[in-house]
1. Of everything in the range 313-368, what is more than 22 Å from Ile279 (Cβ to Cβ), within 27 Å of the chain's Cα centre (by Cα) and of a type in the set (Phe, Trp, Tyr)? Give them in sequence order.
2. Looking at Glu434, Glu455, which one is acidic (Asp, Glu) and touching a Lys or Arg at 6+ places or on another chain (Cβ under 6 Å)?
3. Among the candidates Thr342, Thr354, single out the residue that is assigned to a strand (DSSP E or B) and outside the structural domain of Glu141 (by TED's automatic domain parsing).
4. Of the numbered conditions (1) modelled with pLDDT of 90 or more; (2) out of contact with any Pro (no Cβ under 8 Å at 6 or more places or on another chain); (3) on the phi > 0 side of the Ramachandran plot, Lys374 fails exactly one; give the number of that condition.
5. Can you find, within the range 256-278, the residue that is surrounded by the most Cβ atoms within 10 Å (Cβ to Cβ) among those that are in contact with a helix residue (DSSP H, G or I) (Cβ under 6 Å, 6 or more places away or on another chain) and among the aliphatic types (A, V, I, L, M)?
6. Report whether or not Ala131 is outside the structural domain of Phe430 (by TED's automatic domain parsing), among the small types (Gly, Ala, Ser) and not in a strand (DSSP E or B).
7. Criterion first (out of contact with any Leu (no Cβ under 9 Å at 6 or more places or on another chain), in a loop (DSSP other than H, G, I, E, B) and not aromatic (Phe, Trp, Tyr)) does Glu347 satisfy it?
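The values are calculated or read from the model by the stated rules, or taken from the named source; none is laboratory data. The model shown is predicted, which means the values in this text are computed figures rather than measured ones. Virtual Cβ from ideal backbone geometry, glycine too; neighbours counted across all protein chains shown.
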Amino acid sequence: MVVDDEEELTIDDLEDDAGDLPLPSEEDEDPPWGATMVINDTTYAVSLFWQPLQDVDDPLPEVKETADGVMEGADLYCLRKGASSQYGIGNSQEGHKPGQPSAAAAVADIFADRSSSVAVFKVDEGWWFIAVRNDLILSEEDILYLNEEDAKRAFFAMMAVPDWGRKIAPASWGIDGTEEVDLWDILKSPGQSKLIRIGGGGKDQKTLLIAGGAGLLVLLIGYKLVSGLFTPSAPKRIKPIVPLPALVEEAPVKKVVEIKPWEKLNVLDDVLFRCYAGIQQVRTMIIPGWRLDNVSCNASGVTANWTMMWGHIGWVKRAFEEYSTKGMDYFVSEDAKSAIATISIGEIPTHTSTPKYSVYEAREELNNIFQAMKANIRMTEERGKPPQYKTSANGLDTEIVPGTRVYSNLKFSFSSEYPPGDWLSLFKKFPGLEILNLTFTPDKSIWNYEGKIYEAIR
């Protein structure tokens, strides 16, 4: 059987190590990667971890939260301001240094004439991979691979996502639809986005200078980061969130800070792209006599359902053994007439996406968009509920019962023949949006999207 490149994509193609691209390959669990490269006599910082920036005027709280909760050993950051502002986080233990310009930020600005670009450049230090979607550097798609095969795997994984405005790859790879570009020809200026120490710069990445008497006093704000095992020899940048051991409180806790749901939302790009790759992997599985009914996916992983039309159960087991990949499990019903497979898509990064619209405004905006497209969308409103309280262990204070508060939101669902990548720009119009589920129905080639938009608190 011959399938196209898109159908041959598997979760293994998205496996990550150095940049936490979706799941590592079994052969090379930690692909080597680099932190800097030299272009036109300028040393650039690469392999930064990128996140959307909500508050351009005061970025440090967001940066510090990411450094504390997600990045292992991070102590440097840079800002990329514009229509879609971002911050990139680095680590001096890996080779990043203050003052180094970000190659990804500079190239993304150069490529601003197209809404999306995916590229691999051959450089002296290895193969630099970058992906920009809707003017945003994708969270972990700024990686300097030292191994060519790792770079190829990352590039082909992104090629599965449709509608790239620009596709760049070495000519020696022989990939149709790509062009080769010399990075030395386009990267003439380092740009304005340069690394500074977390806590060591002001709102505009400038060192605070205070004039006093006969000279200037340079104020450096120290910031203690979470220690970790983030070294070039073990380049996993995303650390698991492990509950800390309980601390002995010398005084009763008077207030419990409740994390709002939009403060820990999965990054949309990662949910959509990883789900798409996982669903494509399932579509390549051929089981004689068995029909693939549907494939669904969310941040927890992919679930696929088959029904027996003819044949026998042995063919199912043989197919799963043949196509089995890391993170896949399968189950057969007691009557041996249906089967379910689950596939992990890895741990998806989270970020804060503060709601902007009321439920009414979000409903009106979605109606306008879908009416213009002559398409249908289903929406239901869920009104907020106050939390329940309980007496704390000390018998004096009250605390919120976890999970009892409901924040107002607008749930939506719609069906479309267009794949997830085509809807990303629409979803990003609504801060505080969460994708609940994607479902693909093979016999109709229809995608169903379910999500919710949280209401802004005013």
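1. Tyr357 - this is the single residue of the range 313-368 that is more than 22 Å from Ile279 (Cβ to Cβ), within 27 Å of the chain's Cα centre (by Cα) and of a type in the set (Phe, Trp, Tyr).
2. On the way: Glu455 fails: touching a Lys or Arg at 6+ places or on another chain (Cβ under 6 Å).
Only one candidate passes the filter, namely Glu434.
3. Testing whether each residue is assigned to a strand (DSSP E or B) and outside the structural domain of Glu141 (by TED's automatic domain parsing) leaves just Thr342.
4. Only one criterion is unmet by Lys374, namely (1).
5. Going residue by residue through the range 256-278, those that are in contact with a helix residue (DSSP H, G or I) (Cβ under 6 Å, 6 or more places away or on another chain) are 268, 272, 276-278.
Subset that is among the aliphatic types (A, V, I, L, M): 268, 272, 277.
Values: Leu268: 25, Leu272: 24, Ala277: 27.
Checking each candidate, the answer is Ala277.
6. No; evaluated as a whole, the condition is false for this residue.
7. yes
One line per residue, one yes/no per condition, for (1) in contact (Cβ under 8 Å) with a residue 40 or more places away in the chain; (2) farther than 19 Å from Glu263 by Cα; (3) crowded, with 19+ Cβ neighbours inside 10 Å; (4) of a type in the set (Lys, Arg):
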| position | (1), (2), (3), (4) |
| --- | --- |
| Pro52 | yes, no, yes, no |
| Ala83 | yes, yes, no, no |
| Ser92 | no, yes, no, no |
| Asp109 | yes, yes, no, no |
